[in-house]
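Colleague: Mind looking over this structure? Questions follow.
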Amino acid sequence: MKSGIFALCALVALAEPAAADFASCKQQIKAQAGADGVSQATLSHALDGLEPNDAVSFLGVQPEFTTPIWDYMAGLVDDERVRDGQARFAEYRQAAQAAQRRFGVDAAAIVAVWGVESDFGKSFGGRPIVQSLATLACTPNRRSDYFRSELIAALKILNHGDVRLEEFNGSWAGAFGNTQFMPSTFLRLAVDLDGDGKRDVINSVPDALGSTANFLHHAGWVPSLPWGFEVKLPADYHGPSGRGAKKPLAFWAGHGLAHVNGAPLSGGGAYGLLLPSGPHGPAFLVSRNFDAFYSYNAAESYALAIGVLSDRLKGGPGVVTPWPTDDPGIPRVERKEVQALLAQRGYDIGGKIDGVMGAKTREAIADYEQKIGMKRDGRAGKKLLASLRAGK
């Protein structure tokens, strides 16, 4: 009994300095934001009584860097997202085309960013932005200074009245709205495309699309230049690769590359050769417009998903060359089937059947894999689904 009391006392002793440090950090942020023009009323409303959340636990855990490319693409550029995207593109075509005329960015590319970032407005994230940014700013980590500046930007947004605190929700890292702007990006690049006198990327799809077009414009988008396209490599290719090694199309043609359908390369612009799964998988020549996608979220898989989705929204075929794996990724409709079949076997999948491979679903998959003799990796692929369908 005494050991339990001592343990409890130790936890309290550890918690008290942490709470004091968080409170002290908030006071410093209040002072800095106040000096930048944020009113005391806004600061008190946003920060008084605020406690940290679990945002720090997500640092360094991003699917763009941890998920096999064939899984990442299967989930983000599936038939369901293409159908939804084409419907939303039609619904907001006037706004997307207005953004294209104003900023020179391809309308389908703008809509594709919307699709990848929030599934066309279905998933903004439900974490309070101020709480998450305060947690990340006031808990020691290598990016705490960055998150402090984002928190102050968020407080400025509230102070200006662009967003109400009760609707200021988004990702664990502070991104919010239809196209998931960070607060500092919002302050720099958000635009009022619908003409109501307010920049609103949460409730106004036109503002979100216009703001995204402005971002891509400032990131170096070149009008009338494709983001890239899939190519076929010669079997013995040993030339340069990497999106940074951009060369004219004549250079790549001279090295034996052709369009994936066999058509010869022609046209202007400089392109780098992207090999996201190595020389035996799909290959792409990518332009500066691919780099603009990359600047939105610094992962090549992310930029590729936007590019391929933008093509499919216009009726393109998507990725033609098979990925170099004997266990391809599965789309969201089949991920939902995986969850349903696991739930039928009594597994806790951590919530509703939604196709999101969260921690509970991955744990269930791993346990099932171990029971049937598969590699225990918690991954939902074609082989796993086939085993579940077979009733193993």
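Colleague: Against the conditions (1) touching a His at 6+ places or on another chain (Cβ under 8 Å); (2) among the charged types (D, E, K, R); (3) crowded, with 21+ Cβ neighbours inside 10 Å, where does Lys232 fall short? Just the number, please.
Modeller: (3)
Colleague: Among residues belonging to the range 298-343 that are of a type in the set (Val, Ile, Thr) and part of a helix (DSSP H, G or I), point out the one that is nearest to Met357 (Cα to Cα).
Modeller: Residue satisfying both the conditions and the ranking: Val338.
Colleague: Take the range 270-301 and flag every residue that is surrounded by fewer than 20 Cβ atoms within 10 Å (Cβ to Cβ) and either closer than 21 Å to Ala235 by Cβ or in the same structural domain as Thr212 (by TED's automatic domain parsing) (or both).
Modeller: Leu275, Pro276, Ser277, Gly278, Pro279, His280, Gly281
Colleague: Of (1) β-branched (Val, Ile, Thr); (2) under 21 Å from the mean Cα position of the chain (by Cα); (3) closer than 29 Å to Asp106 by Cα, Val320 satisfies all except one. Which?
Modeller: It fails just one condition, (2).
Colleague: Is it the case that the range 193-204 has a residue that's under 24 Å from Gln94 (Cα atoms) and among the basic types (Lys, Arg)?
Modeller: For the range 193-204, residues under 24 Å from Gln94 (Cα atoms) and among the basic types (Lys, Arg): present.
Colleague: Is the range 179-187 home to any residue that is surrounded by fewer than 17 Cβ atoms within 10 Å (Cβ to Cβ) and in contact (Cβ under 8 Å) with a residue 40 or more places away in the chain?
Modeller: For the range 179-187, residues surrounded by fewer than 17 Cβ atoms within 10 Å (Cβ to Cβ) and in contact (Cβ under 8 Å) with a residue 40 or more places away in the chain: absent.
Colleague: Out of the residues in the range 341-392 meeting the condition of being farther than 24 Å from Leu76 by Cβ and of a type in the set (Ser, Thr, Tyr), tell me which one is surrounded by the most Cβ atoms within 10 Å (Cβ to Cβ).
Modeller: Tyr368
Colleague: Residue check, Ser123 against (1) surrounded by 13 or more Cβ atoms within 10 Å (Cβ to Cβ); (2) modelled with pLDDT of 95 or more; (3) at negative phi, all met but one. Which one?
Modeller: Every listed condition holds for Ser123 apart from (2).
Colleague: May I ask you to say which residue of Ser295, Ser387 is polar (S, T, N, Q), in contact (Cβ under 8 Å) with a residue 60 or more places away in the chain and not in a strand (DSSP E or B)?
Modeller: One residue alone meets the criteria, Ser295.
Colleague: Continuing with this model, one more query. Do any residues in the range 120-142 that are under 23 Å from Ile110 (Cβ atoms) have Cβ atoms under 6 Å from those of residues that are at pLDDT below 95 and hydrophobic (A, V, I, L, M, F, W, C), where the two are at least six apart or on different chains, and which pairs are they?
Modeller: Cβ pairs passing all conditions: none.
Colleague: Looking at the range 248-260, which of its residues are surrounded by fewer than 17 Cβ atoms within 10 Å (Cβ to Cβ) and in contact (Cβ under 8 Å) with a residue 24 or more places away in the chain?
Modeller: Of everything in the range 248-260, those that are surrounded by fewer than 17 Cβ atoms within 10 Å (Cβ to Cβ) and in contact (Cβ under 8 Å) with a residue 24 or more places away in the chain turn out to be Ala258, His259.
Colleague: Kindly indicate the residue of the range 1-50 that is modelled with pLDDT of 90 or more and in a loop (DSSP other than H, G, I, E, B) and also surrounded by the most Cβ atoms within 10 Å (Cβ to Cβ) among those meeting that condition.
Modeller: Only one residue tops the list, namely Val38.
Colleague: When the residues of the range 93-120 are narrowed to those that are surrounded by fewer than 17 Cβ atoms within 10 Å (Cβ to Cβ) and not polar (S, T, N, Q), which ends up farthest from Pro52 (Cα to Cα)?
Modeller: This residue is Arg101.
Colleague: If Ala208 meets every condition in (1) closer than 24 Å to Thr67 by Cβ; (2) of a type in the set (A, V, I, L, M); (3) surrounded by 20 or more Cβ atoms within 10 Å (Cβ to Cβ) apart from one, which number is that one?
Modeller: (1)
Colleague: Return the residues of the range 234-257 that are more than 14 Å from Gly272 (Cβ to Cβ) and of a type in the set (A, V, I, L, M, F, W, C); say none if nothing qualifies.
Modeller: Ala235, Ala250, Ala253
The values are calculated or read from the model by the stated rules, or taken from the named source; none is laboratory data. Keep in mind that what you see is a predicted model, and the values were worked out from it rather than measured. As a convention, Cβ positions derive from the backbone with ideal geometry for all residues, glycine included, and neighbour counts pool all protein chains shown.
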